[in-house]
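Below is one structure, written out as structure tokens, with a few remarks after it.
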Amino acid sequence: MWYDVRYSEFIWPFKRMSRIPQYDVTPQERRNVEDRARLRQNLRSEWLKLYENPHRMATGEMGYAFDPALQRWISMKAWQYHYFKPNTKTLIYPIGFIAAVVGYAWLLKWDRDGKEHLYRTGQISHRDRRNKFS
């Protein structure tokens, strides 16, 4: 049955593989997809059961579900500057980014100055200008 009264065991019917034969998928690939979907659904159900448990305060978890993978990621982000080692790549990337921005700004200014020179010397009439109101 694809629907259970409890939210944590709700299985979306359109996420299941159809029973209609598919000719572009081998039986092994189909089993792999179904196994991954089943595993994903079991992990989701387990997480929702843990997250929506109203008795977490009594177990000492203080109102949040501990996720070790999330904790590892947060710890890694907090300590990444502590373990930073400067090398050539960490020097070249910021300099290259700044050079690209400055170079593009210089290119725009050079192009605009050239057009402004043509406008001021009268080589292009006011009627033929592209940006009349800027």
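Filtering region 74-89 to residues that are hydroxyl-bearing (Ser, Thr, Tyr) and surrounded by 10 or more Cβ atoms within 10 Å (Cβ to Cβ) leaves only Ser75. Quick check: is even one residue across region 100-108 among the β-branched types (Val, Ile, Thr) and at pLDDT below 90? Within region 100-108 (the criterion being among the β-branched types (Val, Ile, Thr) and at pLDDT below 90), the answer is no, since none of the residues qualifies.
Residue count for region 35-61 under the criterion of being at pLDDT 90 or above and charged (D, E, K, R): the result is 5.
The values are calculated or read from the model by the stated rules, or taken from the named source; none is laboratory data. Source: prediction; values computed, not measured. For neighbour counting, all protein chains shown are included, and Cβ atoms are generated from backbone atoms with ideal geometry for every residue, glycine included.
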